[in-house]
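Comments concern the structure below.
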Amino acid sequence: MNTSDFREYLAFLRDLGATLDEITEVEQKKAEFVQTDDLEGLNECMKREQALSLTMRSCDQKRDAMLQMLGLQGVHLRELLNYAPAEYREETKKTVEQLCRQYALYRGAFEVARDTLECNLHQVEKILQAADPDAGAQMGYQEASPQLPSRMRTDFRA
Amino acid sequence: MDITTFGAFTTARLGIYAAQKSLNVTGNNIANINTTGYTRQAVDQVSLRVGATNHYASANGGVTGSGVLVTGMSQFRDPYLDIRYRNENSSVGAMDAKLGGLEELSNILDEVGKGSDGNKGEGIMAAQFQDLRDQLAKLTGDQSTEDEFLTLARSSADSLVKLMNNYAQRLGEVEKNQANGLQKDVSSVNDILKNIQTLNENIQKGEIYGDSSLELRDQRNLKLDELSQYIKIDVTYEPVSVGAGKTVDKLVIKTSGDNPITLVDGDYAGQLSTSDGLVVNPSYASDPTQPQYLKPDGTGTNTASEAQKVEYTLTLSNLTNRNGTELTGTGHQFGDTELYGSLQASRELLTEAGEFSTVTMTKVDADAATKRGIPYYQNALDSLARKFASVLNAANTGYMYNSAGNYIKTDGTEITDIHGDPIHKVEILTSALKTELDGAGGVPLGGVLFSNSSNGDLTNDITAANISISKSWSTDASVLQNSFQALEGKSTVGSSDNRNILHILAQFDGKQDYKPGDMVTDATDGATKFFSGSFEEMFTNIEETLATDTKSTTTLLDNYSVSTTALDSDRDSVSGVDLNDEAMNMMQYQKSYSAACRLMTTLDEVLDKLINGTGVTGR
């Protein structure tokens, strides 16, 4: 394995981490804007998110190409340490761990943003259903049983 | 059949009753506006029509209803928000418990801003390392007061090891606190499970007798919220027939994940306990002829010592009802990564060793090497203490050599090997070389500075908890060897020769490799160094690792907390009592009540006319 290629790959992973940090920030802001009903801010976030998603996509392609060049196709990030040249083991360990941590933070922020959005959509759905008489009962309201209580009905088995 | 002449009174009466009931519920809602966990209630009512279509339909047509019927009470709840809230709550619980543990560790290991040098705030441990260097450096200068400086150097070293002892002891206390905390959490979870079981039973009984038991449901929902902090749960309601065509809801709580385990099934509930951690063979419960335990390779064994061991394992008992009837086969031993929530976070704080994870631990959890709990910090500190002791002991132990660097005997002659060549000094003495030099009359100098106890000079298994000034050094400050080189043509070391002190000082700046295998023999990646640097840098690395973990946990906790708070507000907007709504309802029901009363009066007047004023002409 060419060690300079490997060094370049580690630098690429650090760049990827920086991009993840950016997306994490966008996700955090997105959740904040949803909570404060700031649609303009949310729109801006969506645009930035789209742009960063494209960056991530190109990163993904670059990663595949670099792994192929290193002869490490199919090697998971967690396993990278096992293939690192001895002089880069410490750096690899740090880089991989940092990237995993950044990814965990991104996942956390993404889940929160998604949940907040979904909850708001749920609210919108409820309002629309309440406004539409054909949509039936209001969501969240435990509908009264259309049947009479059993004591007022005849038990035909008797 | 239409309503009878006097039936209209029933219509009015039912109207009064429904309005009265609604007013009662509105009053109850208002009264409970500040009650924790109270869910807003509403009256369920249906339009009543007595009888059915018959053969003799009235020629006049116009079948009317017979009033209103109150069928029960219901609550305003949104199950979607409950599920979301409880999911997020388990993340908050997990991060909160983890952060609590990390903060306890930070109180010990985070020395930012602390230290004797107030201006630099370099840290207590770093300051003590620096102090030892300063004291050793003094030995390289004026030798007139050498004995005093030797004692000062020893005192400084003693302070440093006592500091390590203190940190190790406090880490041990954190571990004990966490273990107690886990036990307390387990007992809280057990109380919650028992409470839910009792509530389920009472709610079911109430439902059978036609009572919705809304207040009990509120209590149960509060308990479910509480439980979701400890364990990530899935709550479902299943209809169960209780005979006579009646069904009631049965509440089932399962752990969330790939392998859901039932914690509560209606009026049956399990109880958690911490076990010895030996992994039990799942087939053993149903077939006792099978091996009782599983080995790390997955094969069975009946020998406890061969079994795979997962520390602080949680075990769920068979689900049992209040009469003691057990649902056999429902018990379960939770795997290392099967739970999520504060219980799991507490477990991980107590078990995760990061780079010091053993092969068994890595097999159970592939991410074990990146999860760091108290054992990691204990091992890292032990690693520093052991390296420090071994490097300085090696630097202070040797044999006298001449200016050519060859080992000499007491008479000053060089020691030769089997080929007759002189033996040149080496940095680290092997035991074979020691034996050879001892046998050949070499002159041993210096000695062990740090040992595993203050009562002896043994250097095996040194940890941060037991590192001490060796007995030899504590009784004789001059064990600290100033040089191993003899004076030219003599077999004594010059008192002003400080070569070895300089060599020891150089060790403080030298980079040392720290490997997990030095501390844990069966560490997964034992031979790979996890850090390389000076003693002070190693301690800073421990601090940095802790700080990074604390920072990312704080960020995650902040994210989840904000989301949980928002979800709780959303839930409150559905389930909470709103005074404006209730005031409007109150006015509306008051008017309904008045109108129904008016109807009664009107009917009375109408019928009075019919009975007393109709067909009376000429009487």
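Values quoted throughout were computed directly from the atomic coordinates according to the rules given, and no laboratory measurement underlies them. Please read all numbers here as calculations on a predicted model, not as lab measurements. Don't worry about glycine lacking a Cβ; one is built from the backbone with ideal geometry, like all the others, and counts go over all protein chains shown.
Quick notes
- Most tightly packed first, judged by the mean number of other beta-carbon atoms within 10 Å of their residues, the peptides B:160-171, B:584-595 read B:160-171, B:584-595.
- The alpha-carbon atoms of the protein assembly as shown, seen along their principal axes, cover 161, 63, 54 angstrom, with the largest extent given first.
- With a 10 Å cut-off around each Cβ of B:566-575, the average count of Cβ atoms from other chains is 3.
- Helix B:342-351 vs. chain B, principal-axis angle (Cα, 0 to 90°, nearest 10): 10
- Peptide A:108-116 has a mean shielding of 6, counted as Cβ atoms of other protein chains within 10 Å of each residue's Cβ.
- Cβ-based charge dipole, region B:349-448, positive-most Cα from B:Leu429, B:Thr413, B:Ala353: B:Ala353
- Hydrodynamic radius by Kirkwood, which averages 1/r over all alpha carbon pairs of region B:459-584, in angstrom: 21.3
- Radius 14 Å from Cβ of B:Asn165, net charge of other residues (Lys, Arg +1; Asp, Glu -1): 0
- Amide H contacts under 5 Å for B:Ser483, placed H, 5+ residues apart: B:Asn500
- The distance separating the Cα centre of region B:434-489 from that of region B:9-37 comes to 88 Å.
- Built amide H within the under 5 Å cut-off of B:Ser66, gap 5+: B:Leu48, B:Arg49, B:Val50
- Whole-angstrom Cα spans of chain B along principal axes, big to small: 161, 65, 32
- Each Lys and Arg Cβ is given +1 and each Asp and Glu Cβ -1; about its Cα centre, the protein assembly as shown then shows a dipole of about 2600 debye.
- Euclidean distance between Cα centres, region B:182-201 to region B:520-556, Å: 38
- Kirkwood estimate for region B:339-439, i.e. one over the average of 1/r between Cα atoms, Å: 17.5
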